[in-house]
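The values are calculated or read from the model by the stated rules, or taken from the named source; none is laboratory data. Note that this is a predicted model, so its numbers are computed, not measured. Counting neighbours? That spans all protein chains shown, and the Cβs are built from the backbone with ideal geometry, glycine included. Quick note on the areas: whole protein, heavy atoms, side chains included, nothing else; ligands and nucleic acids left out. Shrake-Rupley method; radii C 1.70, N 1.55, O 1.52, S 1.80 Å.
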Amino acid sequence: MTSQLHFVTTNEGKFHDVATILPNLIRVEAELTEIQDLDPVRVVQSKLIEARKMFPHVPLITEDTSIHLD
């Protein structure tokens, strides 16, 4: 098992932004289903569960951007 962190994204710009903060990050390209939910935590959890099925033995991160107006 590898200890390097893998970022699951198809967006090169997002990868570049995150890689400036985490320079040893590895990009993993995979299309993940993005559920529609008002809770951004549920959206990210769903994406991670799906990614874990594709890449079961590596540390993973993903992201979701949302806007909340109150």
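Can you work out the accessible area per residue across the chain, with the rest of the protein chains kept in place, probe 1.4 Å, in square angstrom? All intermediate terms of the calculation are to be shown ahead of the outcome.
Numbers: 5210 Å² over 70 residues.
Per-residue value: 74 Å².
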For the chain, what's the relative contact order in percent, using C-alpha pairs closer than 8 Å and at least 6 residues apart? 40 percent
With the label point 7 Å along the Cα-to-beta-carbon line of Asp64 and a cut-off under 14 Å to each amide N, the hits in the range 3-33 are 32-33
Calculate the dipole size of the chain relative to its Cα centre from +1 charges on Lys and Arg beta carbons and -1 charges on Asp and Glu beta carbons; express the result in debye to the nearest 20. 340 debye
Where the accessible area of the chain is counted over protein heavy atoms with a 1.4 Å probe, how much of it, in %, is carbon and sulfur? 56 percent
Structure-based [θ]222 nm, the chain - -39500 (n - 2.57) summed over DSSP H runs of at least 4, per residue, nearest 500: -11000 deg cm²/dmol
In degrees, nearest 10, the alpha-carbon axis of helix 40-54 is tilted away from the dominant principal axis of the alpha carbons of the chain by 30 degrees
